[in-house]
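First up is the structure itself, then whatever we jot down about it.
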Amino acid sequence: MKDLSDYQFIKRVRVKLKYLGILAFLVSGAAFSASYSEVSIVKGVSIGENFVRVKLQNMKSLENCPHQSWYVLDTTADSSKLLYSGILSANAAKTKLSLQITDSHSVGSKTYPKITHVYLCDTAFCS
């Protein structure tokens, strides 16, 4: 086996660390599981500068999230308009929906469960 120069050795270590970092990032994202709200009707909507808060008739708690009175939609995300329109249409029609909740989102000094998906109950999900 050839002896590696210090430069070649450091270069190989850096490449291995880079791949290890990418692997750690992918595994950490897959380890977080989603939670779901109860199937319910929208009881309130509060619109802010970069967020929309949603209150359902039946709220479900999410672990490690201090404020459970609202769910929050981050309106800076690309998908937020589509999710928001689903919430508004369910509210206007008084139709039940369910929300996928992952992680949490800070609004001012409070942290709420974060909405990442909206299930309208005219689909098979709510039956």
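Give the residues of the stretch 1-59 that are hydroxyl-bearing (Ser, Thr, Tyr) and either modelled with pLDDT of 60 or more or on the phi > 0 side of the Ramachandran plot (or both), sorted by residue number.
Answer for the stretch 1-59, where residues must be hydroxyl-bearing (Ser, Thr, Tyr) and either modelled with pLDDT of 60 or more or on the phi > 0 side of the Ramachandran plot (or both): 5, 7, 33, 35, 36, 37, 40, 46.
Under the condition of being in a loop (DSSP other than H, G, I, E, B) and free of Cβ contacts under 8 Å to residues at least 24 places away in the same chain, which residue from the stretch 70-85 is farthest from residue 115 (Cα to Cα)?
78
Tell me yes or no: at least one residue of the stretch 112-124 is hydrophobic (A, V, I, L, M, F, W, C), without any contact (Cβ under 8 Å) to a residue 24 or more places away in the chain and exposed (fewer than 14 other Cβ atoms within 10 Å of the Cβ).
Yes: one or more hits.
Here are the criteria: (1) surrounded by fewer than 14 Cβ atoms within 10 Å (Cβ to Cβ); (2) touching a residue at least 12 places away in the same chain (Cβ under 8 Å). Tell me which single one residue 65 does not satisfy.
(1)
Just to be sure before I move on: is residue 97 buried (at least 17 other Cβ atoms within 10 Å of the Cβ), of a type in the set (A, V, I, L, M), within 20 Å of residue 126 (Cβ to Cβ) and under 13 Å from the mean Cα position of the chain (by Cα) in the structure I sent?
Taking the combined requirement at face value, the residue does not satisfy it.
Confirm whether residue 62 is over 24 Å from residue 122 (Cβ atoms), at pLDDT below 85 and not in a loop (DSSP other than H, G, I, E, B).
Criteria not met by residue 62.
The values are calculated or read from the model by the stated rules, or taken from the named source; none is laboratory data. Keep in mind it's a predicted model, so treat the numbers as computed, not measured. Methodologically, a virtual Cβ is constructed for each residue, glycine included, from the backbone with ideal geometry; neighbour enumeration extends over all protein chains shown.
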